[in-house]
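Asker: Can you keep this structure in mind? I'll have questions shortly.
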Amino acid sequence: MIPLESRFVQFLYYKYPIKRRWTTETATRAIGELECGFEPLNFHRDHLQEQIENHASDLSFERICKLIYLNTRSEFKKDEISVLGDKNPRYTFFIPQLLRLFPKAKFIHLVRDYRDNIVSIQRAGKLIKESGNTYFSMGRWILYNRFVLKYQKKYPDQFFRVQFEELIRDPGAMLKKLCAFLELDYHPGVLDYHKGMGKYYREEGFSALHQSLQTPFDLSKIGEWERELPRRRAIRCEILGGRLPERIGYPPKFNITLLRRIGIKLAFYPLMLLGQIRFLLKILFYRWRPVMRMAYGLLLKVK
C-alpha cells in the first residue's frame, strides 16, 4: 500500500511526541490537522477513527502512521496488504529520522541518468515549481544521490538500487529483483499499472505531471538528453558531476582537456552550489526539531 505523496510522517514527527504512548485525543487531533494541512490525505476518516478507538490501549507513533497508510483511499484493489510504502523524494534528506522511527524500513533508491533527469525537470519545471536551470538541477541530483549513498553504505541490507534504464528495458526482471528484496511474490500483472490510471489521477495538475504513468514503459525516455540537451551543457554537467555518476552506472561520454575541466569548474561550480543551498538548509533544519515544529505550527496557522 503506497499512498499519494504526502509528508505526513514528517509532519507528525516534528509536531507530536514520538516516544510516549499516544492517547486517542492526541491521535484525533493529529488526524484533524492532517485533514486541514498543507498536503491533505485522502483517507477513510470514519474507519480510521474507529481503528484508533480500537487501539486505544497501545497507540504509538508507529501505529498511528500504519493506521493512516492502511486507511488511505485507493482506486487499486487490495486483496491483502503485506507491505506499507511511501514514495516521496522529499524524504531523501529525512532518512536518518525514518531509520530512527522505523529501524527495519527498506529503501528503494531509484536512479536515472543525470542528463535525462535534467531534461525531465526542464520539461516539468512549472508544474513542480522548479526553475529548470541546468546547473541547479545537476546540483540537486548530486546532493540527493550522495545523501542516499551515505546511508546505503551504513545499512547495505536495507537499500536496493533501481536503475531507471534497466527498469525500462526489462521491467519484469527488475521488478522480480525488487520483489525479492521486499520479500514479496512477483505478479506479472504489475506491468499493467497504466490501465485505469486516468480514473485514479483525476486532478488536472497531477495528471499533467504524471502523464507517463498512463502509458506503458517507454524506451524513448532513455538517452533523450542526446536530443534535448545542448552538447556544451552536457559536457559541463559531466565535469561538475565528478566521479559520482560513474559510481552509480553513468560513465563519462566526452574527452575533455584538463584546462577546459578547470575552466568549467571555476565558471559553473558556484552556480551549481547556489542551486544546492535550499536543500543543504533542509538537511540542517531536519536535524533541529524545535525549528521544524515551529515551522509546521506556523504553516497550519496560515492554512
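The values are calculated or read from the model by the stated rules, or taken from the named source; none is laboratory data. If you're wondering where the values come from, they're calculated on a predicted model, not measured in any experiment. Positions of Cβ are generated from backbone atoms using ideal geometry, with glycine treated the same way; all protein chains shown enter the neighbour counts.
Asker: Take the stretch 220-249 and flag every residue that is of a type in the set (Lys, Arg) and not in a loop (DSSP other than H, G, I, E, B). Quick ask: steps written out before the conclusion?
Answerer: Let us first name the residues in the stretch 220-249 that are of a type in the set (Lys, Arg), namely 221, 227, 231-233, 236, 243, 247.
221, 227, 231, 232, 233, 236, 247 - these are the residues of the stretch 220-249 that are of a type in the set (Lys, Arg) and not in a loop (DSSP other than H, G, I, E, B).
Asker: Further question: Counting just the residues of the stretch 252-286 that are of a type in the set (D, E, K, R) and free of Cβ contacts under 8 Å to residues at least 60 places away in the same chain, which one comes out surrounded by the fewest Cβ atoms within 10 Å (Cβ to Cβ)?
Answerer: Taking the stretch 252-286 as the starting set, the residues that turn out to be of a type in the set (D, E, K, R) are 253, 260-261, 265, 278, 282.
If we keep only those that are free of Cβ contacts under 8 Å to residues at least 60 places away in the same chain too, we end up with 253, 260-261, 265, 278.
Details: 253: 14, 260: 13, 261: 14, 265: 15, 278: 10.
So the residue we want is 278.
Asker: Which of (1) part of a loop (DSSP other than H, G, I, E, B); (2) under 20 Å from residue 137 (Cα atoms); (3) β-branched (Val, Ile, Thr) does residue 83 not meet, given it meets every other one?
Answerer: Among (1) part of a loop (DSSP other than H, G, I, E, B); (2) under 20 Å from residue 137 (Cα atoms); (3) β-branched (Val, Ile, Thr), residue 83 violates only (2).
Asker: Mind checking which residues of the stretch 152-173 are within 17 Å of residue 83 (Cβ to Cβ), part of a helix (DSSP H, G or I) and touching a strand residue (DSSP E or B) at 6+ places or on another chain (Cβ under 8 Å)? Before the answer, list the steps.
Answerer: Within the stretch 152-173, the subset within 17 Å of residue 83 (Cβ to Cβ) is 157-160, 162.
If we keep only those that are part of a helix (DSSP H, G or I) as well, we get 157-158.
Result: 158, single match.
Asker: Test residue 236 against the stated conditions and say whether it is modelled with pLDDT of 90 or more, surrounded by 13 or more Cβ atoms within 10 Å (Cβ to Cβ) and touching a His at 6+ places or on another chain (Cβ under 6 Å).
Answerer: No; evaluated as a whole, the condition is false for this residue.
To keep it simple, each residue is scored yes or no on (1) touching a helix residue (DSSP H, G or I) at 6+ places or on another chain (Cβ under 8 Å); (2) touching a residue at least 40 places away in the same chain (Cβ under 8 Å); (3) not polar (S, T, N, Q).
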{"site": "137", "(1), (2), (3)": "yes, yes, no"}
{"site": "155", "(1), (2), (3)": "yes, yes, yes"}
{"site": "181", "(1), (2), (3)": "no, yes, yes"}
{"site": "187", "(1), (2), (3)": "no, no, yes"}
